[in-house]
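Read through the structure below, which is laid out as structure tokens, and then see the notes.
The values are calculated or read from the model by the stated rules, or taken from the named source; none is laboratory data. Since we're looking at a predicted model, the values are computed, not measured. Ideal geometry is used to build each Cβ from the backbone, glycine not excepted, and the neighbour counts take in all protein chains shown.
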Amino acid sequence: MDCRETELLCHRYLDKEITTEEFRALKDHLRVCPRCLLVWNSLRETVDLLAVLADEPPDPELFSRIMMRLPTRGRWRIKPRILRFAAVAAFTLAVGWAGFFTGTRQMLTAAVESRGGRMTVVPQPGRALIIPEGATVLGDLYVEGDVFLSGKVEGSIHVTGRSRPEPNLWHRLAGAVSRFWRMLWGR
Amino acid sequence: MADGELVARSKKGDREAFGELVLRYQKPIFNFVYRLLRHREEAQDVTQEVFLRAFRALDRYSPEQPFTAWLYKIANNLCIDVLRRRRNGTLPLATQTDQGEIRTEIPDHAHNPELLFAGWETRRAVEEAIASLPYKYRVVTILRHLQDLSYQEICAITGQPEGTVKAQIHRARRLLRARLSSVG
């Protein structure tokens with residue numbers, strides 16, 4: 001048996017896997033090989049030294065800290081994926097209804113030009129006239145419906161519906177959701 | 001009650017059953033994490049996180065593998081994350097000496113007075129020697145020699161074949177032998 005095999009047997013002994021025959025062969029080699037005897041002794045001392053490290057006890061309150069942080073878990077536990085879907089659906093529904101009840105209309109942007117005189121605009125039902133920022137209406141403007149005014153009217157403007165600033169992203173989103181839900185419910 | 005039975009009850013929402021599992025394994029998990037991270041408070045935080053993750057992932061636990069091996073695997077992965085963050089500098093828990101060594105806290109054994117009189121320098125030398133091992137060797141050394149796990153369990157935890165684990169253990173013992181040759 002050579003020295004390399006002997007070292008392997010030393011490790012098998014330390015792992016308590018060595019057979020009786022292997023142990024006999026190991027002892028026979030250690031009797032005649034001082035180098036392997038040195039390796040054998042130092043390996044055993046190393047493993048014995050590792051046993052010096054006793055267990056460290058955790059703080060006594062670690063158990064209660066763990067138990068207090070455990071989430072609720074039960075038979076009717078709702079999986080996070082379903083919760084997320086429900087939250088998105090609820091949010092969509094809330095936005096849609098909010099848009100419906102605040103009277104947000106489907107948006108229609110119209111390029112409006114007038115070369116003076118009087119112009120009458122009748123937006124389609126459920127739609128509004130938008131005069132975007134930067135646009136200028138020259139002359140009088142009559143709107144039989146709602147108008148979103150962010151541009152200019154160099155004349156008088158007469159509105160039978162409501163006049164307010166151009167809708168922002170919130171209004172557009174609410175309007176789109178409102179259309180979606182009306183389509184779903186057949187209104 | 002066996003681990004399998006406690007896990008099955010925990011899955012149905014029995015918090016007492018999971019509490020029993022925590023009581024059984026919080027100490028070995030804490031020691032495993034503590035030996036790897038060498039910082040007591042952080043080890044407790046990580047131990048807490050191990051059990052929280054285990055609780056949340058109970059549905060994904062397969063009874064084919066031992067519950068202990070599954071817990072240790074979670075702990076090992078968390079320790080790897082912590083040590084990676086330390087190396088990236090986002091967790092300055094370790095202090096760097098002028099020689100570039102990374103030293104972590106000196107273990108406080110005030111809560112375990114026996115250790116105060118049991119060769120503090122020897123224990124310190126052994127801890128430093130283990131800490132100086134490459135991570136993979138450190139893990140298998142702690143699992144084998146300090147946690148007293150079998151090679152099968154260590155293979156399940158590390159995901160490595162038995163031959164590889166044994167080779168790592170043998171190599172770790174040689175390295176430790178060289179570092180501890182002046183101690184004892």
All positions within region B:145-158 that are touching a residue at least 24 places away in the same chain (Cβ under 8 Å) and either small (G, A, S) or farther than 18 Å from B:I29 by Cβ (or both): B:A156
Kindly indicate whether any position in region A:52-68 is loosely packed, with under 10 Cβ neighbours inside 10 Å and either among the β-branched types (V, I, T) or under 21 Å from B:A125 (Cβ atoms) (or both). no
Quick one: would you say B:L93 is within 20 Å of B:E41 (Cβ to Cβ), in contact with a helix residue (DSSP H, G or I) (Cβ under 7 Å, 6 or more places away or on another chain) and modelled with pLDDT under 90? yes
Only one of these conditions is not met by B:V46: (1) at pLDDT below 90; (2) at negative phi. Which number is it? (1)
Does region B:143-166 hold any residues that are assigned to a helix (DSSP H, G or I), surrounded by 13 or more Cβ atoms within 10 Å (Cβ to Cβ), out of contact with any Asp or Glu (no Cβ under 8 Å at 6 or more places or on another chain) and more than 9 Å from every other protein chain (Cβ to nearest Cβ), and which are they? B:E153, B:I154, B:A156, B:I157, B:T158, B:T164, B:V165
Which one is farthest from A:P57 (Cα to Cα), of the residues in region B:19-30 that are in contact (Cβ under 8 Å) with a residue 40 or more places away in the chain and in contact with a helix residue (DSSP H, G or I) (Cβ under 7 Å, 6 or more places away or on another chain)? B:L21
Determine if region B:53-66 includes at least one residue that is free of Cβ contacts under 8 Å to residues at least 60 places away in the same chain and within 17 Å of the chain's Cα centre (by Cα). yes
Selection from region A:117-174 of residues on the phi < 0 side of the Ramachandran plot, modelled with pLDDT under 70 and assigned to a strand (DSSP E or B) yields A:R118, A:M119, A:T120, A:V121, A:R127, A:S163, A:R164
Has region B:72-89 got any residue that is in a loop (DSSP other than H, G, I, E, B), modelled with pLDDT under 90 and surrounded by fewer than 16 Cβ atoms within 10 Å (Cβ to Cβ)? yes
Taking B:R40, is it among the basic types (K, R) and touching a residue at least 60 places away in the same chain (Cβ under 8 Å)? yes
Condition first: aliphatic (A, V, I, L, M) and without any contact (Cβ under 8 Å) to a residue 12 or more places away in the chain. Now tell me which residues in region B:43-52 satisfy that. B:L52
Restricting region A:15-61 to residues that are of a type in the set (V, I, T) and part of a loop (DSSP other than H, G, I, E, B), the residue that is nearest to the other protein chains (Cβ to nearest Cβ): A:V52
Hey, can you tell me all the residues within region B:126-142 that are in a helix (DSSP H, G or I), more than 21 Å from B:A69 (Cβ to Cβ) and not aliphatic (A, V, I, L, M)? B:E127, B:E128
How many residues are small (G, A, S), within 11 Å of chain A (Cβ to nearest Cβ) and outside any helix (DSSP H, G or I) when one looks only at region B:1-58? 1
